Structure formats: C-alpha cells, structure tokens
Amino acid sequence: MKKYISISLKLTLVMIVLLGFIYPALLAVAGKLTPGGGKGETIMVNGKVVGYANIGQLFSDDKYFHGRPSAVGYNAAGSGGSNKGASNPDYLKQVQERIDTFLVHNPGIEKKYIPADLVTASGSGLDPDISPAAASIQVKRIAAIRKISEDKLYALVKQHTDGPLLGLMGPAKVNVLKLNIALDALK
C-alpha cells in the first residue's frame with residue numbers, strides 16, 4: 001500500500017509542476033507571440049483606441065454594417081449566450097423581432113435571404129465577425145445612405161473577408177469593426 005501512495009504522491013507533484021507551472025508558462029509565451037501580445041488586438045484610428053478586433057460592438061446607425069446580435073448587450077465582462085433552445089417561444093419571438101427590424105431597415109430584402117448570423121446571437125454574445133453574405137446583404141442600404149456605389153462596397157466587403165483558417169477550418173468571415181473603419185475611410 002505504501003508503494004501506491006508513494007507513486008500517487010510523485011505523480012501528483014509531477015502533474016502540479018507540469019499543469020500548474022510549465023503549461024501556463026507556455027501559454028503565456030504563446031500569447032506574447034500573437035497580435036497585441038496576448039492582450040487582444042487593439043484597433044486604433046488617428047491614435048485613439050476605437051475597439052478590439054476580437055470583441056463585437058453594437059453598430060445601430062444605418063450608415064454602418066451591423067454585426068451579430070448579442071445576448072449580453074456586448075458586455076465583454078460577462079460573455080454568454082441566451083441558453084434558450086431553438087424551439088423556445090421567447091427565443092423564436094426575439095428572432096422574429098430581429099427579422100422584422102432588419103426588414104424595416106433594409107427594404108426590398110426578402111426574409112428568406114437574411115443570413116442567420118444577423119438575427120441570432122453567438123454563443124459568447126461577443127462575436128466580432130459576420131459572414132460575407134451577412135455583410136453583402138447590407139450593401140444596398142449603406143450605398144443609398146452614403147451615396148457610394150454598390151460595386152465599391154462589395155469590393156470593400158471582399159477585401160475584408162478572411163477565408164477559413166489554413167484554407168480548411170471554419171467559415172469565411174468579415175470583422176465588422178475593421179469593415180466599418182474602412183467604410184469611414186472611403187472618400
């Protein structure tokens with residue numbers, strides 16, 4: 001029995017050192033190698049911080065591209081989804097309200113063409129990205145308000161579309177904050 005206790009204590013000490021010190025140190029070093037040095041990618045315009053590339057923000061003005069809805073009011077202090085199932089009546093009502101709002105602000109669009117990511121919140125409630133289809137469906141509204149050609153806006157969306165990671169993993173996506181900053185920079 002002493003033999004097993006001795007082995008268990010040695011294994012526990014090894015795991016404490018490995019998972020309590022070495023693994024966190026490796027993660028910290030890996031974080032320092034990422035954009036922003038592990039603190040997130042800060043987006044600056046004219047020397048002023050306007051947001052972070054990995055945290056969604058609310059854009060409600062019709063002259064901007066709108067991002068995904070947030071179940072947490074875009075509060076990065078407490079991310080999370082609504083935890084309501086797809087058949088929950090409250091959830092279905094909320095999605096229908098988002099669809100109705102979208103259609104009011106984007107006349108001429110049929111309900112069946114609205115991408116799901118424009119009317120459903122992400123699991124974190126802080127998704128900074130939308131699909132290229134979600135960005136493209138908003139082009140008509142923005143072109144009319146800003147008096148910019150639709151072709152120019154479609155090109156802007158395409159320019160800010162990131163493909164799947166390594167060309168294989170995940171969908172193509174558009175960062176809404178970066179796209180709106182580029183939109184403001186258009187002359």
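The values are calculated or read from the model by the stated rules, or taken from the named source; none is laboratory data. Because the structure is a prediction, the values reported are computed rather than measured. Cβ atoms come from the backbone with ideal geometry, glycine included; neighbour counts cover every protein chain shown.
Here are the numbers for this structure:
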read-out: Residue that is nearest to the chain's Cα centre (by Cα) [pool: residues in segment 149-180 that are surrounded by fewer than 17 Cβ atoms within 10 Å (Cβ to Cβ) and of a type in the set (A, V, I, L, M)]; value: ALA172
read-out: Residue, farthest from TYR64 (Cα to Cα), within segment 148-170, restricted to residues that are at pLDDT 90 or above and not in a helix (DSSP H, G or I); value: THR161
read-out: Number of positions in segment 123-136 that are crowded, with 20+ Cβ neighbours inside 10 Å and assigned to a loop (DSSP other than H, G, I, E, B); value: 4
read-out: First in segment 70-88 and at negative phi and in contact (Cβ under 8 Å) with a residue 12 or more places away in the chain, second anywhere and assigned to a loop (DSSP other than H, G, I, E, B) and basic (Lys, Arg), Cβ under 8 Å, 6 or more apart; value: none
read-out: Residue match in segment 30-53 (condition: modelled with pLDDT under 90, basic (Lys, Arg), part of a helix (DSSP H, G or I) and within 29 Å of GLY78 (Cα to Cα)); value: yes
read-out: Selection from segment 96-114 of residues that are closer than 19 Å to GLN57 by Cα and buried (at least 18 other Cβ atoms within 10 Å of the Cβ); value: PHE102
